[in-house]
């Protein structure tokens, strides 16, 4: 059985839609970035921390995951205020950025750690369009302050890589590792 160390409804939906059975055991890991940490190091560290933070029976595999948005080396986590959400959307508007998800699969004493990067390009946005996004509930529990499957979809004209990764979980990458581990 797969144990998802996350309460993310998006990760749960991705696994459900892919036909992967799972149970949830939420982790309580602090997601703050460490000074000097690259975006990839950040998501991998948090994925491991989440996978290690929940209990695991011998016949279970724990999946920890963390997603961040990065532009020009800057990590954009989940905005905590309307001002921060607006700042993030202004940074992304008219630019290309990378969405990186780190994953960690833990089974017994072994860990599989990996990550996926998807490039996303936003079209230019007006201040009114940014304000409308910020006024919605969408930005506040999503890295980079947007949901590709939500309001922001109308501003994204190109992605290169895994769509599910941008939503919150590179399910093909997870499936590949689960197969290699003999759990799919």
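Normalising the average separation of contacting C-alpha pairs (under 8 angstrom, six or more residues apart) by the number of residues puts the relative contact order of the chain at 22 percent.
Of all DSSP beta bridges confined to the chain, the antiparallel ones make up roughly 80%.
Here the gap between residue 80 and residue 176, fully extended at 0.36 nm per residue and compared with their Cα-Cα distance, gives a gain of 31.1 nm.
Each of residue 59 and residue 18 was given a label point 7 Å from its Cα along the Cα-to-Cβ line. The distance between the two points is 2.3 nm. Estimated at 0.36 nm per residue, the fully extended path between residue 7 and residue 135 surpasses their Cα-Cα distance by 43.7 nm.
In terms of surrounding Cβ atoms within a 10 Å radius of their Cβ, 114, 157 rank from fewest to most as 157, 114. At an R0 of 45 angstrom, the distance between the Cβ atoms of residue 183 and residue 124 translates into a FRET efficiency of 0.50. For the chain, the extents of the C-alpha atoms along the principal axes are 53, 34, 25 Å, listed from largest to smallest. Fully extending the segment from residue 156 to residue 111, taken as 0.36 nm per residue of separation minus the present Cα-Cα distance, adds 12.7 nm.
Values in this text are rule-based calculations from the coordinates and carry no lab data. If you're wondering where the values come from, they're calculated on a predicted model, not measured in any experiment. In this analysis, Cβ positions are derived from the backbone assuming ideal geometry, glycine residues included, and neighbour counts consider all displayed protein chains.
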